[in-house]
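*Asks:* Submitted below is the structure of interest, expressed as structure tokens.
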Ligand SMILES: Nc1ncnc2c1ncn2[C@@H]1O[C@H](COP(=O)(O)OP(=O)(O)OP(=O)(O)O)[C@@H](O)[C@H]1O
Ligand SMILES: [Mg+2]
């Protein structure tokens, strides 16, 4: 069954309850005929070519309910292309996507959102001149556009509580918030939509150390509520703090997911490079003190 408008609305009210109670929002995952739990997300054989560039080649990618999956790879490995496919911004050439055991067609951003996928980008997508509460209502269809400020604030308050922003007035304009608070509002919008799959594409790149911990704690809480998380990052220490499993992309191809408990940093680096990493940094050459680093001979400017 494709997710219908009705089932989304039912799910949203469950989310609001879960947000208030801080409890799990997702029911137990249905079991497949084999007895194994149905995957939350099952991407099979996705390819995407741009001219001569194969951004994705026969990519497989999976997510279990309530799992945090780190998605790693060198620059240009294809991570954002997969994220764009899942968010309906890029239509793949081939391949299938199933969500909770049902084939899903994510060919537009609206279809992706309706299927329960939300993306928290590194670049913020909130409207800065609008209030937090208005931004939270922005993505949702229905009568919320006609709500008063008081109604919008009442709707936003429990959602802000779940992302640790309960102390803020929901009617505060987003432009008055810090970078970390703005990032948390982006997460609040995903929570408000009751996304079953929340994708973070390098969410901590613009944050200070102490702010990063806020986001990591929140991501863990979202996963404990049954949401499945894709976490794209270049920061390996975060992976070991956060992820259950790791999938590495290399040159547009996907590796199999590996539990983080079986990995360490050198192993992850060699999976990303496709060869053993003998050292994190290249050997420094030796330089004698009296060797010149720059020598210029007879430099002159032609006379006019
Ligand atoms: N719209 C596009 N047109 C042409 N080439 C593209 C387009 N989008 C991505 N590519 C190419 O596809 C490949 C994969 O890019 P992608 O952005 O998915 O990598 P990434 O793993 O997210 O890298 P990074 O870590 O730098 O964000 C790269 O070679 C990139 O140049
Ligand atoms: Mg990218």
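The values are calculated or read from the model by the stated rules, or taken from the named source; none is laboratory data. Only a predicted model underlies this, so the values are computations on that prediction, with no experimental measurement involved. Cβ: placed from backbone, ideal geometry, glycine included. Neighbour counts: every protein chain shown.
*Asks:* Do you know which of the residues in the range 173-194 that are over 19 Å from residue 243 (Cα atoms) and in contact with a strand residue (DSSP E or B) (Cβ under 6 Å, 6 or more places away or on another chain) is surrounded by the fewest Cβ atoms within 10 Å (Cβ to Cβ)?
*Replies:* 173
The rows are residues; the columns are (1) away from ligand 1 (no atom under 11 Å from the Cβ); (2) under 20 Å from residue 267 (Cα atoms).
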| residue | (1), (2) |
| --- | --- |
| 44 | yes, no |
| 47 | yes, no |
| 51 | no, no |
| 68 | yes, yes |
| 74 | no, yes |
| 82 | no, no |
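*Asks:* Okay, moving on. Does residue 38 count as closer than 25 Å to residue 217 by Cβ and either within 16 Å of ligand 2 (Cβ to nearest atom) or modelled with pLDDT under 95 (or both)?
*Replies:* No; evaluated as a whole, the condition is false for this residue.
*Asks:* Residues that are touching a residue at least 40 places away in the same chain (Cβ under 8 Å) and out of contact with any helix residue (DSSP H, G or I) (no Cβ under 8 Å at 6 or more places or on another chain): does the range 199-216 have at least one?
*Replies:* yes
*Asks:* Considering only the range 187-214, how many residues are more than 16 Å from ligand 2 (Cβ to nearest atom) and farther than 23 Å from residue 109 by Cβ?
*Replies:* The total comes to 8.
*Asks:* Of all the strands (runs of 3 or more DSSP E) wholly in the range 49-146, which have at least 2 residues that are within 16 Å of ligand 2 (Cβ to nearest atom) and under 17 Å from the mean Cα position of the chain (by Cα)?
*Replies:* Those strands (runs of 3 or more DSSP E) span 68-72, 117-120.
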